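Input: a single structure, listed below in structure tokens.
All of the numbers you see were taken from the coordinates with simple rules; none came from a lab. Keep in mind that what you see is a predicted model, and the values were worked out from it rather than measured. Heads up, the Cβs are rebuilt from the backbone with ideal geometry, glycines too, and the neighbour counts pull from every protein chain shown.
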Amino acid sequence: MLLVAGSAASASAQTVNNMYADSLLSRWFAELNFTGGIAGQSLTLGNIGSNYNSSVNDTISGLKFKNGNSLGFDLQGGYFFGKKRHFGVSTGVVYFSQTGDVSLDKFHTEYKRTDDSGYLYRQVLSSNGQITEHLTVQNFNIPLLLKYRKRFNKLVSFNADAGLLFNVQMQNSYTTNATFNYEEIKALGLNGNSPTYDNGAVPSSTDVLLTQAAYFHTHPDATQQQMTAYFDALRSHGENVGINSAPSSTSGKVSYTSGTIGVLLRPTIGFHLSDNVMLNVGAFYAFQPFKTNTAGSYKLTDNVVQYNSLLNASNTQTTSTYGGSIGIRYYFGRNKDVDHDGVLNKLDRCPLDSGVVALLGCPDKDGDGIPDIDDSCATVPGIAKFNGCPDTDGDGIPDKLDACPNVPGLVQFKGCPDSDGDGIQDKDDPCPYQAGPAKFNGCPDTDGDGIPDNLDKCPNVAGPIENQGCPLDTVKPKAPETASVVIPDAAEKESGKGKKNPKHPKDDGSKRHGSSSSVSIADPVLFDLNKTEIKESAKPILQEAVKKINDKKDAYIVIEGYTDTTGPVSYNKVLSKLRANVLKKALMNMGVSEDRISTVGVGSSNPAADNSTHAGRMRNRRAEMKWAK
């Protein structure tokens with residue numbers, strides 16, 4: 001029972017807050033508990049027939065106990081020891097008041113006895129039905145108990161008692177309903193006058209029978225009342241006979257004075273009303289063996305009106321008591337150094353955590369000389385300047401505030417470096433070791449052609465955007481100055497007009513970008529951030545566009561390049577033009593004539609989606625192919 005209750009309580013337990021540790025509670029305590037439950041007794045009947053001289057025809061059943069109940073209390077004082085104060089010892093007094101019924105179903109014996117004249121005869125002794133004694137028990141003990149307590153939080157704790165009970169007194173008061181029939185069988189002697197003892201199982205035919213059966217045999221018409229009166233008359237003349245005779249006293253006391261040792265177990269749940277007062281609720285079990293006072297000459301009854309208790313007929317008796325327990329415990333005073341660190345509570349900055357004297361009782365887990373209570377980084381050694389936090393890269397910014405804790409950096413960039421000193425931190429600078437202007441996100445433009453080196457295929461030689469910053473090897477013919485290209489319709493072809501294809505518009509990107517009248521040829525081609533490379537996934541889009549362009553032999557297309565709003569406007573203008581030129585080159589490699597393609601760099605204007613979201617910016621990094629009007 002104790003182990004089950006302890007396991008259940010431990011399984012539901014949470015980590016104890018140091019504020020409510022058992023070490024906070026006083027070592028000394030006193031408690032008063034009240035118990036109530038069921039009492040049971042096991043009694044072993046001795047061979048009481050052997051106490052009757054030369055007995056025959058014995059019929060004696062075993063003893064039974066039932067209807068047992070118990071009420072009691074115990075008063076204890078004790079002491080908890082050890083640093084954590086989980087275990088303790090106690091002693092005091094334990095008292096049980098118990099009731100119950102002990103019974104004997106059958107009792108019959110026939111034995112040798114001497115009458116008042118000194119003659120031997122057979123006494124026949126029988127109980128009338130079941131013999132029952134109602135018991136009231138007073139049980140005093142001195143306990144020696146081992147105590148356990150485990151406080152889970154401010155309110156609840158688990159407690160347990162286990163130990164020995166030294167019995168001081170076990171007193172049984174009883175009342176009985178017993179009645180007996182006392183009869184005699186007398187055998188005539190050789191002279192025919194002096195009775196003697198007949199030890200045969202069946203009386204001799206010559207025996208004198210002073211029994212109920214013999215009376216009714218000779219007086220078949222007699223009543224029970226007449227038969228009782230007959231036996232009463234015989235008793236008045238000195239015979240030990242009587243029918244349905246009750247003892248002269250139906251109550252008495254039986255005490256077990258020999259000291260015995262029992263066991264007490266009690267698991268409880270404690271409810272802390274304060275640090276000094278606790279209410280205990282739980283269960284208890286007590287087991288006690290007793291030594292009876294049975295003497296070798298014990299007889300349940302011998303003479304009419306005589307009676308000895310059934311309890312004296314037992315050789316051994318054990319009592320088991322179990323039930324519920326409720327009590328209250330009081331702790332005396334409080335601990336002066338709860339955490340046992342050598343600093344008194346009133347001087348201890350950390351009275352619930354064991355620390356060092358030099359830090360006024362506070363712990364220093366990381367050993368940096370700064371008490372944990374003041375240390376913002378209590379598990380990592382640091383310096384006092386930063387309240388115990390480290391500065392690994394030595395840049396004057398503590399690690400917990402440093403976005404780049406392992407590399408020295410600048411305060412304005414939260415501890416991250418700007419290696420080239422161009423005012424753009426390395427993690428945002430495509431060219432972290434080459435200073436460049438903000439309009440190119442920190443990359444230089446060595447040849448001054450308006451294309452940053454990281455996007456310039458020829459960074460040391462100026463070249464146009466159309467050729468990705470490289471100089472043109474040949475001079476290409478100029479496009480017409482018109483802002484649009486007219487595609488001849490069927491009527492013009494039939495009338496002979498428009499036989500010559502006009503040249504495509506001038507590729508300056510100044511008049512056609514974002515025209516609402518242009519029609520897209522295929523889906524936009526999307527690019528990665530700050531990139532101009534065409535993805536493998538865009539090839540089906542290009543193949544579809546080439547097929548449509550080749551179906552219209554006389555049509556021209558405009559490629560519009562776009563960016564999101566991530567970079568500066570001027571940078572985005574250059575980047576969008578490069579994306580359009582890359583797409584143009586891809587179409588030329590797939591068979592589209594260069595003279596049929598013009599490009600425009602729109603920059604971040606005319607977004608296809610919201611630039612405030614990641615998904616929107618992905619859609620805006622694009623190049624669109626449209627029919628020229």
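Using C-alpha pairs under 8 Å with a sequence gap of at least 6, the mean separation divided by the residue count of the chain gives a relative contact order of 10 percent. Axis angle, to the nearest 10 degrees, between helix 224-236 and the longest C-alpha principal axis of the chain: 60 degrees. With both labels modelled 7 Å from their Cα along Cα-to-Cβ, the Tyr433 to His219 distance reads 13.8 nm. Need the full-extension length gain, Ile269 to Leu360, defined as separation in residues times 0.36 nm minus the C-alpha distance. One decimal, nm. Fully extending the segment from Ile269 to Leu360 adds 29.1 nm. Relative to the longest principal axis of the chain, what angle (0 to 90°, nearest 10) does the C-alpha long axis of helix 2-11 take? So the helix axis and the longest Cα principal axis differ by about 10 degrees. Count charges around Ser50 for me, please; just the other residues with Cβ under 15 Å from its Cβ, Lys/Arg as +1, Asp/Glu as -1. In short, -1. Between Arg334 and Ser520, take the C-beta separation as r, use R0 = 60 Å, and let me know the FRET efficiency to the nearest 0.05. The formula returns an efficiency of 0.10 here. Taking 15 Å as the straight-line reach from the Cα of Lys539, the aspartates and glutamates in range (excluding those fewer than 8 positions away in the same chain) are Asp523, Glu624. In the range 263-289, whose amide N lies under 15 Å from the spot 7 Å out along Cα-to-Cβ of Leu352? List them in ranges. In the range 263-289, the label zone of Leu352 (backbone N under 15 Å from the point 7 Å along Cα→Cβ) covers 275. Relative to the longest principal axis of the Cα atoms of the chain, the long axis of helix 539-551 lies at roughly 40 degrees. Along the axis of the charge dipole computed for the chain (Cβ charges of +1 for Lys and Arg, -1 for Asp and Glu, origin at the Cα centre), the listed residues Pro220, Ser26, Ser54 are led at the positive end by Ser26.
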